[in-house]
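Computed from the coordinates by the stated procedures, all read-outs in this text should not be read as laboratory data. Fair warning: this is a prediction, and the values are worked out from it, not measured in the lab. Methodologically, a virtual Cβ is constructed for each residue, glycine included, from the backbone with ideal geometry; neighbour enumeration extends over all protein chains shown.
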Amino acid sequence: MVSTATSIAQKKFDNCIMNASGVWCYDEKELLEVDKSKAASFVTKSGTLQARKGNPKPRYFETNFGSINSMGLPNQGLEYYLDFVQKIQQQNPNKTYFVSCTGFNVQEDVLLLEKVENSGFKGIVELNLSCPNVPGKPQTGYDFETVDMILKTVFENYEGLLGVKLPPYFDIVHFDQMAKILNKYPLTYVNSVNSIGNGLYIDDAQEKVVIKPKNGFGGIGGDYIKPTALANVHAFYQRLDPKIQIIGTGGIKTGRDVFEHILCGASMVQVGTALMKEGPGVFERLTHELEMIMQSKGYEKLDDFKGKLKYIE
Ligand code: RRO
């Protein structure tokens, strides 16, 4: 029998595939649909201190090879997600859930985590350090000193399980520098990658951009980003303290993509664009496709191939 079970911080999950924050996780209805699907768990949309409407529409566009978005952090406010997770946690006491949050500065991050602590949340927090789409706000993950300062402050104030969502990096020196910072902290996991920020997709017939915010610039997801995502997953797998696990996100739309992320070192994978395109049925298909690949290769569990990517001698 083949098992796609995994664990993050000693919490067991009966599957290794779940949604990526931002997709199918805006409200109770969407979260319930993911909860009822074959997904291992869910992560909420990144919650802010106050609810936000986000950027003007159109703000998401699907292309043949992926997607572009500039949602602008529309969300119901962190408290909404904490209340909902409390409720659903009671119905499923053995399941572990993820709540994503993001502040606009470190004081806000601390306030958000205080709210998490006060709510009695027993799951895992994903601190989003990589939103590419708030006009005038750079992506925190590209400011290494600020990431260091945020993590220092956060871990002085929060004792629960916490992972970070990072933007993609494109230079070996940046992998080295970021890993050195991350290794200083008791992170539960690193999630690589968020969308590739500030791409531009155009409709050449209309000679026009396809999303309204930022004159068409937006985060790129889907097929375009799989090689970048795999590189980030593997670069951090090579560099991080083994206590810090990796969640792989980016370009997953087949069982083969899941397999490759795990081969690069991911303990869990998240699905964004393909979930948006296909709906929560995607989890059953991906799980089945992964099981078929594992069976054909004679693997029974993720540990049989996790991180075991081979190099050319
Ligand atoms: O809401 C968004 O525009 C958004 C966020 Br917070 C993020 O982290 N990644 C993304 O592609 N879009």
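Here are some notes:
- Rounded to 0.05, the FRET efficiency of the Asp83 and Asn105 pair, given R0 = 25 Å and the Cβ-Cβ distance, is 0.50.
- Shape descriptor for the range 51-199: Rg over Rh equals 0.97 (Cα atoms; Rh from the Kirkwood inverse mean 1/r).
- For the chain, alpha-carbon Rg over 2.2 N^0.38 Å: 0.94
- For Gln245, nonlocal amide neighbours, meaning residues 5 or more places apart or on other chains whose placed amide H falls under 5 Å from its own, are Tyr189, Val190.
- Put the Cα centre of the range 1-38 next to the Cα centre of the range 110-165 and the gap is 21 Å.
- Computed magnitude of the charge dipole of the chain (debye, nearest 20; Cβ of K, R +1, Cβ of D, E -1): 200 debye
- Applying both filters, DSSP loop and at most 15 other Cβ atoms within 10 Å, to the trypsin sites (Lys or Arg not before Pro) of the range 154-196 gives Lys184.
- Estimated FRET transfer efficiency (Asn64, Ile172; beta-carbon r; R0 30 Å; 0.05): 0.45
- Averaged over residues, the count of other Cβ atoms within 10 Å places the peptides 68-77, 41-50, 243-252, 289-298 in the sequence 243-252, 41-50, 68-77, 289-298, highest first.
- Sum of -39500 (n - 2.57) over DSSP H runs of 4+, divided by residues of the chain (222 nm, nearest 500): -10500 deg cm²/dmol
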